[in-house]
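Dropping a structure here in structure tokens format, bear with me for questions.
The values are calculated or read from the model by the stated rules, or taken from the named source; none is laboratory data. It should be emphasised that the depicted structure is a prediction, and the values quoted were computed from it without experimental measurement. A quick note on method: Cβ atoms are made from the backbone with ideal geometry, for glycine too, and the neighbour counts reach across all protein chains shown.
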Amino acid sequence: MGQDKARRHHQVPQFYLRGFSDGGDRVKVVRFGDRPSTFIASVKNVAVEANFYAVDWLDPAREGLAEQLIGDIERTASEALRLLVRGQELSVEQRGAVATWVVLQYVRGRGKRADSIGLQKTMLRANLAVRGKQRLASQLGLSDIARIDEIWDRVVVRGELPDPPTARYNHIRMMLKTVSRVAPAYALAHWQLVTFQRRRLFTSDQPVCLWSRPSDDPGIGLLTADAVSVPLTRNIGLVIFPQIPSNTIGESAPTTQYHRWFTTQAWMCAEEFLIMHPDDEVPDRLPSQREPQLGTLGLPAVQQFIEIGEAWHARRDHAWAAEADTSS
């Protein structure tokens with residue numbers, strides 16, 4: 001993929017960000033991390049990265065296919081969301097368009113890309129660990145024990161691996177599979193809109209937040225969450241209840257509890273930064289501690305696979321030795 005083909009890909013679409021912008025299409029960005037900062041930016045320059053969804057296809061006819069699919073989803077969703085925030089009734093197709101965008105938005109960003117890459121690397125390390133050093137040496141055509149140990153320690157033990165060449169493709173494939181599986185359920189779930197008159201909402205680089213009761217089992221997912229919150233604009237929030245089938249859209253009173261729930265969810269789900277209207281501020285009474293959200297997928301410890309591999313190879317060698325003794 002040459003530099004002349006570089007394209008700016010938004011992980012959060014501009015049409016959505018405009019729901020939090022001023023008259024000049026500007027928003028306030030509150031960035032976390034080692035160097036936190038707050039600044040005003042155009043929606044054109046927020047949550048954007050060159051070639052984020054670009055894939056080097058073997059078939060030139062597929063060039064730009066992923067970008068086209070995402071663009072089609074955004075175009076149909078933008079019109080449906082415009083009607084939704086105006087309080088107009090949605091058709092079945094428009095409701096499906098919103099549901100599709102919500103699911104896509106949850107899985108499309110840098111956090112889910114990092115999770116996908118982390119999973120691919122872990123599975124590669126686990127595969128190598130179970131196969132053992134001898135198999136690795138054979139695959140690489142190496143006989144130098146020190147060199148084999150160095151590669152084993154760097155790749156298998158410490159996990160110092162470059163991103164897989166298929167990282168973008170695998171992430172996009174996961175995105176589309178998730179959308180096709182979950183969006184129909186969201187389209188048929190119960191929805192609630194909450195419109196705030198005085199209080200303001202904000203969003204983030206991960207606008208879609210999953211909620212479950214503290215007593216629920218860990219491992220919350222798109223279909224197992226008790227509720228899914230999405231701030232749609234500065235003063236309107238959407239709540240989807242995946243486990244309550246319905247084709248209606250209700251309205252909830254804009255209570256203090258609802259506002260605190262929306263803002264706390266947005267605060268806790270953000271990966272790298274918050275996004276809000278330039279005149280707004282981060283509310284008080286948010287949790288003082290928030291866990292990092294970027295690339296924090298819980299993965300199995302590779303050391304377990306190393307131990308499994310060592311035990312399996314030890315049993316195999318013992319069996320071979322016993323068989324050799326019997327034969328002799």
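Read through the list (1) out of contact with any Pro (no Cβ under 9 Å at 6 or more places or on another chain); (2) farther than 16 Å from VAL239 by Cα; (3) in a helix (DSSP H, G or I); (4) not acidic (Asp, Glu), then give the number of the only condition that ALA183 fails.
The one condition ALA183 does not meet is (2).
Pick out, from segment 1-80, the strands (runs of 3 or more DSSP E) lying fully within it that include 2 or more residues that are surrounded by 17 or more Cβ atoms within 10 Å (Cβ to Cβ) and modelled with pLDDT of 95 or more.
Values: elements: 8-10, 26-31, 37-42, 48-50.
Counting at least 2 such residues, we get 26-31.
Of these, LEU274, LEU238, LEU232, which one is touching a helix residue (DSSP H, G or I) at 6+ places or on another chain (Cβ under 8 Å) and within 16 Å of ALA187 (Cβ to Cβ)? Steps first, please.
Working: LEU274 fails: within 16 Å of ALA187 (Cβ to Cβ); LEU232 fails: within 16 Å of ALA187 (Cβ to Cβ).
Exactly one residue qualifies, and that residue is LEU238.
For the structure I just gave you, tell me whether ARG125 is touching a residue at least 40 places away in the same chain (Cβ under 8 Å), over 21 Å from TRP191 (Cβ atoms) and basic (Lys, Arg).
On the way: touching a residue at least 40 places away in the same chain (Cβ under 8 Å): yes; over 21 Å from TRP191 (Cβ atoms): yes; basic (Lys, Arg): yes.
Taking the combined requirement at face value, the residue satisfies it.
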